[in-house]
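The numbers here are math on the coordinates, done by the rules we state, and not lab data. Everything quoted here is computed from the prediction, not taken from an experiment. Here the Cβ positions follow ideal geometry from the backbone for every residue, glycine too, while neighbour counts run over all protein chains shown.
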Amino acid sequence: MSLQVPCPLRWAMPVTSRLLLPLCLSLLLVPWAPGCLFCFSTPQQRLRVCQVFLGHASSRHTACLGTLQAAFQPHTQLVVGAVELEKLKDTFSNVIFSLEEKGVAKVPYQVAFPEVAARIQPELAQLKPGYQKDAQVYRCSSCSTVECQLPLDCPVEDVWKAEGNRTALRCRVPFQTSPEVRIGWRFAKDLRTRDLSLFRDLRQGASSLILHPTRVSHRGTYVCQLTEEDDVVARKYFYLNVTSSSQGAETDLQNMFLAILRSPGGRGAGGPEGHFPRLPELLAEPDSLHKRNVVLLMVGLALSAMLGTLLLGGVFRRAMAWPR
């Protein structure tokens with residue numbers, strides 16, 4: 001009795017299953033990473049591209065799919081504004097069509113894939129990367145739309161300056177802005193606030209506000225507002241604290257007075273209470289012309305003059321009262 005040997009498995013499989021086998025193998029053997037091409041094309045479309053280049057019965061579809069993925073790897077981390085999503089889809093839909101055309105023209109896939117990937121680069125560069133007003137961006141790395149979640153109003157930032165110095169307030173934000181963005185500055189004098197009704201308009205169109213010299217009248221809150229097509233993109237606030245020169249002089253006088261109190265003639269020096277150094281002692285010191293010693297000398301002279309006046313007055317009164 002003869003035995004019947006069954007046909008090989010590949011002949012027993014349906015035709016559609018044989019066509020999808022290389023695709024399944026590619027998913028298992030090639031590390032899969034999302035990217036724009038994978039976001040906007042189906043697995044069947046990518047397999048058909050390799051079939052156009054190699055034919056349906058080729059055993060090299062897995063290598064072809066790996067080369068296709070590697071050619072478009074630079075576009076994996078592409079991020080664009082959600083408003084550009086339709087343009088992005090159109091670009092990569094045309095990629096599939098262009099690849100099939102090159103396959104029909106018998107261009108080797110090792111040459112065709114990098115050529116098409118490089119050809120779309122200028123077109124992708126024109127897509128806006130997504131600005132705050134869009135609120136959403138599309139990421140090819142995850143094939144998903146992501147919320148930006150950036151605040152409109154920034155917290156108030158303190159800036160400290162002395163009167164007469166130069167102040168530079170710069171309208172910088174931690175995200176990319178459109179080239180069409182407009183910048184305007186407003187000011188609320190002597191107030192620390194984000195209430196826009198309390199501000200008055202300043203200059204427009206400059207990314208920096210320069211105050212030179214800085215004056216006490218400049219104290220208050222400044223806000224720069226970024227707008228695009230009448231939509232507010234962001235507001236950044238600065239509170240300018242200005243130290244006046246008169247306050248500095250008063251501070252110097254207070255420090256001088258405290259130094260006098262802490263001097264050897266004061267209570268805090270550890271010497272006898274009420275003791276003032278004599279004139280020879282002051283002049284014998286190395287820094288006898290120091291401000292503190294000059295003040296003490298003036299006080300001592302004033303007290304000596306007062307004492308002399310009192311003594312002379314007492315002598316004069318006694319002389320007038322002496323019996324003649």
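One table, with the values for the structure above:
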{"read-out": "Long-range amide H partners of Ala234 with built H, under 5 Å", "value": "Leu226"}
{"read-out": "Local electrostatic count at Glu100 - Lys and Arg +1, Asp and Glu -1, tallied over other residues with Cβ under 13 Å", "value": "+3"}
{"read-out": "Under the Karplus curve 6.51 cos²θ - 1.76 cosθ + 1.60, θ = phi - 60°, whole-Hz ³J(HN,Hα) for the stretch 93-110, x wherever Gly or Pro sits", "value": "5, 5, 4, 4, 5, 5, 5, 5, 4, 5, x, 5, 7, 6, 7, x, 5, 5"}
{"read-out": "Leu202 versus Glu115: modelled label distance in nm, points set 7 Å from Cα along the beta carbon direction", "value": "5.8 nm"}
{"read-out": "Interchain or long-range residues, amide H under 5 Å from Glu157's placed H", "value": "Tyr237, Phe238, Tyr239"}
{"read-out": "Amide H contacts of Lys128 (H built 1.01 Å from N, under 5 Å, at least 5 apart or other chain)", "value": "Gly81"}
{"read-out": "Fully extended contour minus Cα-Cα distance, from Lys106 to Val156, at 0.36 nm per residue", "value": "11.6 nm"}
